[in-house]
Amino acid sequence: MRQLIAGNWKMNGLRAGLAEIRAVDRSLADEPANPLVLICPPATLLAEAAKTVDGGRVAIGAQDCHAEPAGAFTGDISAEMLRDAGATSVIVGHSERRQYHGESSADVARKAAAASRAGLTAIVCVGETEKERDAKKAVSVVTTQLAKSIPADLSVKHLVVAYEPVWAIGTGRTPSNVQILEMHAAARTALVKRFDKEAADIRILYGGSVKPSNAAEILGLKNVDGALVGGASLKASDFLAIIRAAPKR
Ligand code: PEP
């Protein structure tokens, strides 16, 4: 399975930042189309970013969506609107959404269902806090989040999972290889229970302080099918180094 390297720009990026997306896309133009590459800029840049990379190596995704297709939800954006703007994927259940917007796993499942309804891939994020890890609850927290955040009847075609320990996001800290292996194996087992053989086709990304210096090691671990990258996706040179560190599968 080809790996997926996805960049999450969070609430960063003005129109001038489109040059970074263009630089990533153009730099990869003559390289083998492996891994898959996705950049999720803020919603204000989606349509322009999609135009910039049209027909190129980079796909464009969004960072959140509303569960309903349209309606009286001021300030929200539906999955259908994201698709219309040129997105192919949408991140749902990022820990910053769970933490700052009080999103529950049930909310996340509704958003993932909306993504699939609109023909988008849902990148469903799960991950334990440091307190939960210290209490030895990391595996149970993540498997419960997975069970509740993936809606019934979701096709594996429309699903990517991102394991993102909350304590590793934006902190410069990463879990040990043993911890990553344990969590990704647990996530795979949970997906096999749910999707049987098809679970082998679901990418499980690792996210949390991935950077050029640790990417090759993390991306080489079993059951790691790519990365969700925050801070290091903002600069084309760093993001390209991470993309080039992915094993060709
Ligand atoms: C993220 O926000 O999904 C993330 C992984 O951030 P960072 O790479 O900056 O830790």
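The values are calculated or read from the model by the stated rules, or taken from the named source; none is laboratory data. None of these values were measured; they are calculated from a predicted model. A quick note on method: Cβ atoms are made from the backbone with ideal geometry, for glycine too, and the neighbour counts reach across all protein chains shown. Accessible surface is based on the protein model in full, side chains and every heavy atom, while ligands, DNA and RNA are left aside. Shrake-Rupley method; radii C 1.70, N 1.55, O 1.52, S 1.80 Å.
Values for this structure:
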read-out: Segment 204-226 residues that are among the polar types (S, T, N, Q), paired with ones that are part of a loop (DSSP other than H, G, I, E, B) (beta carbon under 9 Å, 6 or more apart); value: 209/169; 209/170; 209/171; 209/172; 209/173; 209/174; 209/230; 214/174
read-out: Residue list for segment 11-32, restricted to those being surrounded by 17 or more Cβ atoms within 10 Å (Cβ to Cβ) and part of a loop (DSSP other than H, G, I, E, B); value: 13
read-out: Matching residues in segment 114-130 - criterion: being away from the ligand (no atom under 12 Å from the Cβ) and open to solvent by less than 40 Å² (accessible area, probe 1.4 Å); value: 114, 115, 116, 118, 119, 120, 121, 122, 124, 128
read-out: Odd one out for residue 55 among (1) loosely packed, with under 15 Cβ neighbours inside 10 Å; (2) within 16 Å of the ligand (Cβ to nearest atom); (3) of a type outside the set (A, V, I, L, M); (4) within 29 Å of residue 245 (Cβ to Cβ); value: (2)
read-out: Residues satisfying the stated conditions in segment 199-233, i.e. open to solvent by 30 Å² or more (accessible area, probe 1.4 Å), more than 9 Å from the ligand (Cβ to nearest atom) and more than 16 Å from residue 121 (Cα to Cα); value: 200, 212, 213, 216, 217, 220, 222, 223
read-out: Filter result for residue 20 (touching a helix residue (DSSP H, G or I) at 6+ places or on another chain (Cβ under 9 Å) and at pLDDT 95 or above); value: yes
read-out: Selected residue (criterion: least open to solvent (accessible area, probe 1.4 Å)) from residues of segment 139-190 that are among the acidic types (Asp, Glu) and more than 16 Å from the ligand (Cβ to nearest atom); value: 182
read-out: Helices (runs of 4 or more DSSP H) completely within segment 40-100 that count 3 or more residues being under 22 Å from residue 205 (Cα atoms) and out of contact with any Leu (no Cβ under 9 Å at 6 or more places or on another chain); value: 95-100
